[in-house]
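Notes follow the structure.
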Amino acid sequence: MKTRTAWILSIAAAHTGVTLLHAVVHVLVDVIPGLVDGAFIVVVIIVGLPVGAVLAWRSHPAAPWVFGGTAGAAFVYGFLSHFLFAGPDHVASVGSAGWGSAFLGTSAVLGALEIAGLLAALTYLVPQARTPLGSVGPSP
């Protein structure tokens, strides 16, 4: 397995685990997403990112677009809702008492994993350096 595919699979696995933990914390701090937010979370974050990872594992040409697109979209959504826009999903609204620190921590880790996923997907789009035939080793 190629290293970059292994990275994508590792990032997707870690992201899925942290997403599950973050969802549990959402329930514990009583911040339940609305219908539109819930649909985005399910389609893009819970389904889309792992589908992109499976496509990478199968060497499908759409893999970097699906994985990178969903990782990027998840990052923008999470950054806006957890750190930028005021609302019940903002880390300051949840606070640091009780499960609030877990909410902040999982929000930050998810963002880091999503950036890592986007960067990993971009490696598929950068042409790999190749050595021209005959240029390796001394000339006769």
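The values are calculated or read from the model by the stated rules, or taken from the named source; none is laboratory data. Everything numeric in this text was worked out from a predicted model, so none of it was measured. Glycine gets a Cβ as well: all are built from the backbone with ideal geometry, and neighbour counts include every protein chain shown.
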Cβ pairs under 9 Å, 6+ apart, first in the stretch 64-75 and within 15 Å of Leu125 (Cβ to Cβ), second of a type in the set (Ser, Thr, Tyr): Pro64/Thr123; Pro64/Tyr124; Trp65/Tyr124; Phe67/Tyr124; Gly68/Tyr124
Number of positions in the stretch 30-72 that are among the charged types (D, E, K, R) and farther than 30 Å from Gly95 by Cβ: 1
Of all residues being among the hydrophobic types (A, V, I, L, M, F, W, C) and part of a helix (DSSP H, G or I) in the stretch 122-139, which is modelled with the lowest pLDDT? Just the residue, please. Leu125
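If you take the residues of the stretch 27-55 that are in contact (Cβ under 8 Å) with a residue 60 or more places away in the chain and among the aliphatic types (A, V, I, L, M), which of them is surrounded by the most Cβ atoms within 10 Å (Cβ to Cβ)? It would help to see each step written out before you state the result.
Here is the first cut: in the stretch 27-55, the residues in contact (Cβ under 8 Å) with a residue 60 or more places away in the chain are 28-29, 31, 49, 52.
Subset that is among the aliphatic types (A, V, I, L, M): 28-29, 31, 49.
Details: Leu28: 13, Val29: 19, Val31: 16, Leu49: 25.
Among those that are in contact (Cβ under 8 Å) with a residue 60 or more places away in the chain and among the aliphatic types (A, V, I, L, M), it is Leu49.
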Which of the residues spanning the stretch 1-29 are closer than 24 Å to His90 by Cβ and assigned to a loop (DSSP other than H, G, I, E, B)? Val29
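One residue is enough: does the stretch 37-44 have a residue meeting the conditions closer than 27 Å to Thr3 by Cβ, modelled with pLDDT of 95 or more and assigned to a helix (DSSP H, G or I)? Break it down into steps so the answer makes sense when it comes.
Going residue by residue through the stretch 37-44, those that are closer than 27 Å to Thr3 by Cβ are 44.
Add one more test, that the residue is modelled with pLDDT of 95 or more, and what stays is 44.
Those still in the list that are assigned to a helix (DSSP H, G or I) too: 44.
Yes: one or more hits.
Please verify whether the stretch 114-121 includes one or more residues that are at pLDDT 90 or above and either out of contact with any helix residue (DSSP H, G or I) (no Cβ under 9 Å at 6 or more places or on another chain) or of a type in the set (S, T, N, Q) (or both). Write out each step before concluding.
Let us first name the residues in the stretch 114-121 that are at pLDDT 90 or above, namely 114-121.
Right, trim to either out of contact with any helix residue (DSSP H, G or I) (no Cβ under 9 Å at 6 or more places or on another chain) or of a type in the set (S, T, N, Q) (or both) and you get none.
Checked against the condition, which is being at pLDDT 90 or above and either out of contact with any helix residue (DSSP H, G or I) (no Cβ under 9 Å at 6 or more places or on another chain) or of a type in the set (S, T, N, Q) (or both), the stretch 114-121 yields no hits at all.
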Might you check whether a residue that is part of a helix (DSSP H, G or I) and among the hydroxyl-bearing types (Ser, Thr, Tyr) occurs anywhere in the stretch 47-68? no
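Quick check on the stretch 98-105. Is at least one of its residues in a helix (DSSP H, G or I), hydroxyl-bearing (Ser, Thr, Tyr), over 11 Å from the mean Cα position of the chain (by Cα) and at pLDDT 90 or above?
Going through the stretch 98-105, the residues in a helix (DSSP H, G or I) turn out to be 100-105.
Of the ones still in play, those that are also hydroxyl-bearing (Ser, Thr, Tyr) are 101.
If we keep only those that are over 11 Å from the mean Cα position of the chain (by Cα) as well, we get 101.
Those still in the list that are at pLDDT 90 or above too: 101.
Yes, because at least one residue in the stretch 98-105 is in a helix (DSSP H, G or I), hydroxyl-bearing (Ser, Thr, Tyr), over 11 Å from the mean Cα position of the chain (by Cα) and at pLDDT 90 or above.
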